[in-house]
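The values are calculated or read from the model by the stated rules, or taken from the named source; none is laboratory data. Keep in mind the model is a prediction, meaning the values are calculated, not measured. So basically every Cβ, Gly included, is an ideal-geometry build from the backbone, and we count neighbours across all protein chains shown.
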Amino acid sequence: MNKYNILVVEDDNSVKNLITTTLSMHDYKYVTASNGSGAIMAAASHNPDIVLLDLGLPDMDGVEVIRRIRSWSNMPIIVISARSEDTDKIEALDAGADDYLTKPFSIEELLARLRVTQRRLGIVSGELYSESSVFKNGALRIDYAAGCAYLGTEELKLTPMEYRLLCLLSKNVGKVLTYTYITKNIWGHSLENDISCLRVFMATLRRKIEKNNDGTQYIQTHIGVGYRMLKVE
Ligand code: CA
């Protein structure tokens, strides 16, 4: 039984109906809002587990809705963008959104994004984050206190930069991080050249943590947007 409560923010009735019908069929509970101010009120009064937020709203930009909600809550926000330009998604992610869907999307995509976010919620509310300074994801283990990472029983030989990247991704597991977010966190600024450097470091990091050849993917590339660490089952 699914007990997650979803806030659906969408002014287009046909899209809203598609989403709510899908949610009902999969035992989600939901509330809806058709504009930005209604979304902020519903987020505050219903305290939903996940927000599905259309970016193009009649009264305010969806990014502004994200900023307002983020001023008091970390509830996961999945952005729905009709625009295919990466800049909208990136702006939304940098404002604090967790993930995005681009219209038109399939029901399967919608459900997949919800599952990824639920897994993230499970980790954040679970014991992994509360007391322990050890992060576990599949065969990957990071001992933050000791500053070491392991794949299975083998200690990974990471450069300081790779280790910092790995920690940043793991502390945001399930969430898409933009190039700007990552480079600002790692280097303190985001220059054109930083993104090229980031690609190189990410490639070497991935080779080290995904080398077991068992098909496990820990880091997902979002072309033109950024990277995400996936929660491995
Ligand atoms: Ca819209």
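Points worth noting:
- Qualifying residue in region 89-106 (condition: buried (at least 20 other Cβ atoms within 10 Å of the Cβ), assigned to a loop (DSSP other than H, G, I, E, B) and within 16 Å of the ligand (Cβ to nearest atom)): yes
- The set of residues from region 6-42 being assigned to a helix (DSSP H, G or I) and farther than 22 Å from ALA82 by Cα comprises SER24, MET25, MET41, ALA42.
- ASN35 meets each of the listed conditions (1) farther than 15 Å from ILE66 by Cα; (2) touching a Pro at 6+ places or on another chain (Cβ under 7 Å); (3) not small (Gly, Ala, Ser) apart from (1).
- Pair list, Cβ < 6 Å and 6+ apart or interchain, from region 167-195 residues that are more than 21 Å from ALA149 (Cβ to Cβ) and of a type in the set (D, E, K, R) to residues that are in a helix (DSSP H, G or I) and at pLDDT 85 or above: ASP194/THR183; ASP194/TRP187
One line per residue, one yes/no per condition, for (1) under 16 Å from the mean Cα position of the chain (by Cα); (2) of a type outside the set (Phe, Trp, Tyr); (3) within 16 Å of the ligand (Cβ to nearest atom):
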site	(1), (2), (3)
GLU10	no, yes, yes
ASN13	no, yes, yes
ILE19	no, yes, yes
THR22	no, yes, no
ASP27	no, yes, no
GLY36	no, yes, yes
ALA44	no, yes, no
PRO48	no, yes, no
ILE80	yes, yes, yes
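- Inter-residue pairs, beta-carbon under 7 Å, first closer than 17 Å to THR117 by Cβ and in region 78-106, second acidic (Asp, Glu) and more than 13 Å from the ligand (Cβ to nearest atom), 6+ apart: ILE78/ASP98; ILE78/ASP99; LEU101/GLU109
- Restricting attention to region 203-225, the residues that are touching a helix residue (DSSP H, G or I) at 6+ places or on another chain (Cβ under 6 Å) and not in a loop (DSSP other than H, G, I, E, B) add up to 2.
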